[in-house]
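Here is the structure we will look at, set down as structure tokens.
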Amino acid sequence: MDKKETERTISVAIDGPSGSGKSTLSRAAAKELSLLYVDTGAIYRTTALHTLRRGVSPGESAAVAALLPEIDIALSYDAGGMQRMCLNGEDVTELIRTQEVSMAASAVSAYPAVRAFLLEMQRELARRHSVIMDGRDIGTVVLPGADVKIFLTAGSEVRARRRWLELQERGTPRDWEQLLRETRERDEKDANRAESPLRPAEDSVVLDTSELNFSQSLKRIVEIIRERTGL
Ligand code: DC
């Protein structure tokens, strides 16, 4: 899927809060349209994991920034098209999915130094490949010129419920009240930070999935992308 400099790549930005169904829907849409799926949350999570491992509090911006030069992040894809994350040569794909890493990622992603450090890596991926990239600021900051921008959302309770079910299925159940509280806390943090706050790009299509099931959401997303790109 590597593109030559002269070949035009297509970029689709999908932003939204956690639990909006972004990653599952983006991955499925990418598969259907033969685009590369890039989960940028995983990149922030990998950075957060390194911070935790080094015993640095995610709340200390200067100490987190000082760790950046020692972080080498690489993305690869397995045979099933699943994105794998490598941190300094170690596959950490599963290790970044804990609640502790989620909270730490939310904290470190608020720092300008962290965002600047990861920005070029994300843009380079979109220059080299036709992508569906999901995150929080893809349409507004990372790929402001994206061919298609979709802002996926759903009510906080619906999103917390999806996460609760997912954890239940994975055999790592969580207390409902606490999960709902953390979902709201994380929303608040992601939407109100000074640096790249979560908000829809002006030219994005806002899609609320509260009342839609997975296949209805996917159908709509694929339609939106096809309409705008001719794919
Ligand atoms: O999508 P996620 O839950 O894996 O993201 C983890 C954290 O990273 C989330 O709190 C917000 C942050 N993030 C971000 O600030 N910008 C992105 N493009 C992607 C994620």
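All of the numbers you see were taken from the coordinates with simple rules; none came from a lab. Owing to the predicted nature of the structure, the values given are computational and were not obtained by experimental measurement. Counting neighbours? That spans all protein chains shown, and the Cβs are built from the backbone with ideal geometry, glycine included.
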Point to revise | Charge dipole (debye, nearest 20) of the stretch 9-54; +1 at Cβ of Lys and Arg, -1 at Cβ of Asp and Glu | key: 280
Point to revise | the stretch 154-231 - charge dipole about Cα centre, Lys and Arg +1 at Cβ, Asp and Glu -1, debye rounded to 20 | key: 220
Revision key, fill the gap. Of the candidates LEU118, GLY41, HIS129, the farthest towards the positive dipole end of the chain (Lys/Arg Cβ +1, Asp/Glu Cβ -1, centred on the Cα centre) is HIS129
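Return the loop-located trypsin sites (Lys or Arg not before Pro) in the stretch 35-123 (DSSP other than H, G, I, E, B) with at most 15 other Cβ atoms within 10 Å of their own Cβ; answer none if there are none. Kindly include the intermediate steps, with their values, before the conclusion.
Values: sites: ARG45, ARG53, ARG54, ARG84, ARG97, ARG115, ARG123; in loops: ARG54.
Sparse-neighbourhood loop trypsin sites (Lys or Arg not before Pro): ARG54.
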Point to revise | Pair ASP91, GLN216: separation of 7 Å Cα→Cβ label points (nm) | key: 3.8
Practice item. Go ahead and run the numbers for FRET between ASP78 and GLU223, Cβ-Cβ distance against an R0 of 41 Å, rounding to 0.05. Key: 0.90
Exercise for review: Whole Å is fine, so just give me how far the alpha carbon centre of the stretch 1-80 lies from that of the stretch 125-204.
Suggested key: 12
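For the stretch 1-78, which chymotrypsin sites (Phe, Trp or Tyr not before Pro) pass both filters: DSSP loop (anything but H, G, I, E, B) and at most 12 other C-beta atoms within 10 Å?
Working: sites: TYR37, TYR44, TYR77; in loops: none.
Taking the stretch 1-78 and a limit of 12 other Cβ atoms within 10 Å, no loop chymotrypsin sites (Phe, Trp or Tyr not before Pro) are found.
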